[in-house]
Amino acid sequence: QEGFFIAEAVRDADGRMVDFTFLELNPAFETQTGIPTATAMGRTARAVAGTVPETLIQRYADVLRTGAPTQFEFQDADAGDRWFELRARPAGEDRFAVLFLDITVRKAAEEAIRHSESHFRLLAQSLPKHVWTATADGQLEWFNDRAYAYRGVPPGALERMSWADLLHPDDLPAVMAAWTEAVATGAPYQIEQRMQRHDGVFRWHLARALPVREADGITRWVGANADIEDQKVAEATLADLAVTLEHRVEARTAELVRTQDALRQSQKM
């Protein structure tokens, strides 16, 4: 599938490489470039293509000058901005061999991924939550700025931490069990956990994460931690109030029973 050619340097009066002549070509040369091998054989690159980027000639010149093979990517503006991956190595006196492959589709996919990543990060930074991602096997790999502000550490520090460094020790066993099960099964992850703030205070958060799936399976996890400390305090307050009311009702009921007993005794007398 890869195009292949052997070429010889064409030099000016000062010995500087200014072009190269095609000496050998394989059938895939025509497939990859669209140039018939019969048209290119024995001719210079400039005669075949019209123009040859100086940067490309310099790459090949460096191979001949150093004797070291090289691999690089190159975008050809004269060929509709197509991208090629090239591997070049010396092949004798002032000659070099090149294997190359059209990678335009791959580069377009990479650009689409970068564009998607950019949109994701913009969204993640705008959310009022701690947004994070993890690798397919569950290793933390990225956090948004809110997570760093909450923890009070410099960018990049959280990626080097583990769950044990972030959570209340009492919550760690349940969190790790739930996270391990989610990673193993691919099921959504959700749990309430206490996370330590930069001042040492632990606050309750609701952590959720979903797997990102592609054709070959889960590629990463995207999660978010929402602060629910106020909710937990309200729940505890309501629970205390419920207990207090229950005790007051019991006390009032007992008082009514005593009053009724006293009334019956009074009626008897």
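The values are calculated or read from the model by the stated rules, or taken from the named source; none is laboratory data. As the structure is a prediction and not an experimental result, all values here were calculated from the model. Counting neighbours? That spans all protein chains shown, and the Cβs are built from the backbone with ideal geometry, glycine included. These area figures cover heavy atoms from the full protein model, side chains too; ligands, DNA and RNA do not enter into them. Shrake-Rupley method; radii C 1.70, N 1.55, O 1.52, S 1.80 Å.
Worth pointing out:
- In the stretch 150-187, the residues that are exposed (fewer than 12 other Cβ atoms within 10 Å of the Cβ) and of a type in the set (A, V, I, L, M, F, W, C): A164, A177, A184
- Between T51, T70, T33, T37, the distinction of being in contact (Cβ under 8 Å) with a residue 40 or more places away in the chain and touching an Asp or Glu at 6+ places or on another chain (Cβ under 9 Å) belongs to T33 only.
- Candidates L86, L123, L99, L127 - the one that is in contact (Cβ under 8 Å) with a residue 60 or more places away in the chain and either in contact with a helix residue (DSSP H, G or I) (Cβ under 9 Å, 6 or more places away or on another chain) or under 30 Å from R194 (Cα atoms) (or both): L127
- Criterion: at pLDDT below 95, in contact with a strand residue (DSSP E or B) (Cβ under 7 Å, 6 or more places away or on another chain) and open to solvent by less than 50 Å² (accessible area, probe 1.4 Å) - qualifying residue of F74, F20: F74
- Looking only at the stretch 95-149, residues that are more than 30 Å from Q75 (Cα to Cα) and open to solvent by less than 50 Å² (accessible area, probe 1.4 Å) come to 15 in all.
- Residue pairs whose Cβ atoms lie under 8 Å apart, separated by 6 or more positions or on different chains, with the first residue in the stretch 169-186 and over 15 Å from A207 (Cα atoms) and the second open to solvent by 60 Å² or more (accessible area, probe 1.4 Å), are G186/R213.
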